Amino acid sequence: MSSDTLNDRLALAVEQGRVPDLHGVVAVRHGQVILEHYGEGEDFKLNEPLGRVRFTPDTLHDLRSITKSVVGLLYGIALADGEVPEPREPLLRHFPEYSDLLQDPRRAALTVEHALTMTLGLEWDESAPYTSTANSEIAMELSPDRFRYVLEQRIVEEPGTKWSYCGGASALVARLIAKGTGRALEDYARTRLFEPLGITRFEWSSGEDGTAMAAAGLRLTPRDLLAIGRLVLEGGGDVVPSSWLKTALHPHVRIAEDLHYGYHWYSGDTWKGGSGNGGQVIYVAPALDLVVAITGGQYNTRDRSMTSIVLEEVILEGIRS
């Protein structure tokens, strides 16, 4: 397999109009770039239209929910410094401002790990578009107090038993980081994760209260997203403790037959990764020594064809051929 083969496969998919919403892709195997491509298309910064963009290696792009996976790494860094609670600790102990919520024994029993694994058991629905307050994440961002909003949601499942997608869980994890470190999430990320990786430019959108949106607000270039994936592939280096990565990537809770969730990272049979609305993907396949970063514009749809074509048909099939 050569990089020319992958480029030819992708060029054919582009020519056939099969990946019209592909904004960027970078893939590295055995430490070498095997594919890099940038497209053109309509883009958004969350719900703010950016018009038609010609993407380049230097163009920042929404990562949407891959932001959650970055927050998971930041928690591990802060934990190693003793600045945030251990995963098994009671969650509400670290939110004393909401002591009234302890009257519910099931809520009092919530742990940090329930937030890290999205098994809080709360009534939470993100099936509506991320432009609607019917979506729980959007309602959270518009609420006067996003953290109370999350914590006071009705418990509908026994905590720790069932995975349920919840941007509110990420908000709580990020709040613990900010509380423990005494720093804004984006500032902590800059010095403890991004700068050590050589990432010098990023944006982190904030909510109405000025707090960085931990569920979806991060913007990076595909190359810098790839750097985070390579950090994961290489065991964390001197940036993220290897013990935390091992735990974070471990399949803690089952989502589907061949898909599990760790501490804000997805875990498949042969890969680890994160994904975001619109076709944002970070894919780490240790056995193949492969990392792939994809950005796209299929926002607010359930269409996964673009990422499937790029990852499965172009890259993985190209490697096997």
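Here are some notes:
- Packing-based ranking, highest mean first, of 113-120, 204-211, 239-246 given that Cβ atoms within 10 Å are counted: 113-120, 239-246, 204-211
- Identified option (computed percent of Cα pairs over 36 Å apart; candidates (i) 15; (ii) 36; (iii) 24): (i)
- Panel order for 25, 33, by other beta carbons found within 10 Å of each beta carbon, from fewest to most: 33, 25.
- Calculated mean residue ellipticity at 222 nm for the chain: -8500 deg cm²/dmol, from DSSP H runs with n ≥ 4 weighted as -39500 (n - 2.57), summed, divided by the residue count and rounded to 500.
- Rounded to the nearest 20 debye, dipole of the stretch 1-137 from Cβ charges on Lys, Arg, Asp, Glu: 260
- Dipole of the chain, positive end: most advanced residue of 65, 276, 163 [Cβ charges, Cα centre]: 163
- Ordering of 96-106, 37-47 by packing [mean C-beta count within 10 Å, highest first]: 37-47, 96-106
- Three-way shape call for the stretch 212-321 based on the alpha-carbon gyration tensor, with the a/c threshold at 1.5: rounded
- The amide H of residue 203, built 1.01 Å from its N in the peptide plane, has 219 as neighbours under 5 Å, considering only residues 5 or more places off or on other chains.
Any read-out appearing in this document is the output of simple, stated calculations on the displayed coordinates, not a laboratory observation. These figures come from a predicted structure and were not determined experimentally. Cβ coordinates were reconstructed from backbone atoms using ideal geometry, including for glycine residues, and neighbour counts include every protein chain displayed.
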